[in-house]
Structure formats: C-alpha cells, structure tokens
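Values in this text are rule-based calculations from the coordinates and carry no lab data. Every value quoted in this text rests on a predicted model; they were computed, and no experiment measured them. Heads up, the Cβs are rebuilt from the backbone with ideal geometry, glycines too, and the neighbour counts pull from every protein chain shown.
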Amino acid sequence: MPLLLLAGLFLLVAAAYSSVGFGGGSTYNALLILSGTDFRLVPSIALTCNILVVSGGVYHYSRAGVLSAGKLLPFIALSIPMAWLGGRLQVSEQAFIGLLGFSLLVAAAQMLIKPDALAASKKFTTTGYWLVAAPIGGLIGLLAGITGIGGGIFLAPIIYLFHLAPARTVAGITSSFILVNSVAGLAGQLMKAGDYSPMQGWVQAWPLFIAVVIGGQIGSHLGAYHLPENWIKRLTAVLMLYVAVRLIWRWVGMTFG
C-alpha cells in the first residue's frame, strides 16, 4: 500500500477515534500489518500515533474539569510498568498477528454493543476501587505494550460495566490511560535489544505522524460540538471487524497451514 494512501487512512481513523475519546492504535496496527509493514516496527508506529492523537484530548478534558486524578491513578499504577514490560517482550509474527486479530475482534464487538452511560458512578470505598481498578489496568497495560494499542478501547466498557465513573469522566480517564500506556509501551518498544531495532524504520513513518495530528485535531473539534457518537463507533467497528477477520484468517493459515 503506498505511504500516501496509508497516511490518508490514518488521518480518517484519527479523526473518527479522537471524536469519541480514543487514539485509534488498534486500527493503525491492523492497517500497517495489511500494508505489509514489518510486524516488528508496527507497535512503535501505532503507539506514537496514539500519543499524538490523545494528547490533545487529555488537554481538553483537563480544561473542562472532567479528568479525575483520583479515579485515574488506580488504573495507571500497574498499567505503566506492565505496558513497558509488554513493549520489551519479544513475540513471534504468528503470536503478534493472532493476539492483535483477536484483540480487534473483541474491541469491535464492544464498540458495536454500546454500554449504557450512567449518570452517576457506583459508590466504592477507596480500597475497593483500587482492588478493582489496579489489576484491570495492569492486564490492559500488558496487552497495550505488546500489541501497540493504548488500551482505552478495552477500558471504557469495563468502567461502564463496574459503574466506576460517570460518562464524561470515563472519556477523560480513557484518554489519559491511553496516553500513559502508549508512552510506556513506546519506551519499551524502542529499548528492545537484538539484531532489529524499531528505531531503524520508525523515523521513516513521519508522514503517518503528521496525518494523525491533523486527523486528531479535526476529530477533537467535531467531538467538542457534540457530534453523535453512535454512527462513528459503528462504522469504525465494522472496519475493525473486517480487519480482525483478515488478520485471524492469516493467523489460522500460519498456524494450521
């Protein structure tokens, strides 16, 4: 796939995801794999794109006063070191494609089935909140570091499921969670030892980075004016579902072929 076409797709993905508070890392991953990019380089590019997209979102949520540090900290306490560890792990192409494909499948299903956004959070003690949030954040952080996603697309439905925060606070927590995990995961990816270093091709992806900055700004602006989320989520989920099926099919061929 030509780099210019790939950059255009990245711009569209960034605009769609940022309008609903996500970074788009899962779909960047899939597009890179399907375009023939070396799988060892994919996570570092996707994580960089995540950072560029969600940084603006974190700024806006902070200004709006809906980013709760008390609700965010338990999720990132374990996710940051686990994302770094995941980024450091060496995985085979077969394992990477399989993990990414099935992760996308789950994420697409979660986006198609929209959880109810409750008006108020469930009352948890501080200890109870930490006991629920910390292990969830750690597990998602590990997956984020390995695959090059921020993890927010998995976190948001879980927060809704446990009634941990009201809807607007969820968006702020999710954006911040994606940002810190992406930074930690990228650090781990760029520190990998061995014959191949992601730094060798990471800089060459600069057109993709410019594309997501533009797309992220467009999406954040649209989201600020209350653009309806349902159709964006469903269209994005359909794309993710299509790509997930292709990746899983490739994984099946590698595993059983």
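Overview of values
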| quantity | calculated |
| --- | --- |
| Quotient of Cα Rg and 2.2 N^0.38 Å for the range 3-256, N being how many residues it contains | 0.94 |
| Relative contact order (%) - criterion: Cα under 8 Å, at least six apart; region: the chain | 39 |
| Top of Y28, Y59, Y17 by mean-square fluctuation, Gaussian network on the chain, Cα under 10 Å | Y59 |
| Overall form of the range 1-79 per C-alpha gyration tensor (a/c, 1.5; a/b vs b/c) | oblate |
| Nitroxide proxy distance, nm - points 7 Å out along Cα→Cβ at L131 and V203 | 5.1 |
| Within the chain, helix-based [θ] at 222 nm, where runs of 4 or more DSSP H residues each add -39,500 (n - 2.57), nearest 500 | -26000 deg cm²/dmol |
| Packing-based order for 250-256, 153-159, using average beta carbon neighbours within 10 Å, highest first | 153-159, 250-256 |
| Integer Hz, Karplus 6.51/-1.76/1.60 couplings in order for the range 175-191, x for Gly and Pro | 4, 5, 4, 4, 4, 5, 5, 5, 5, 5, x, 5, 4, x, 4, 6, 9 |
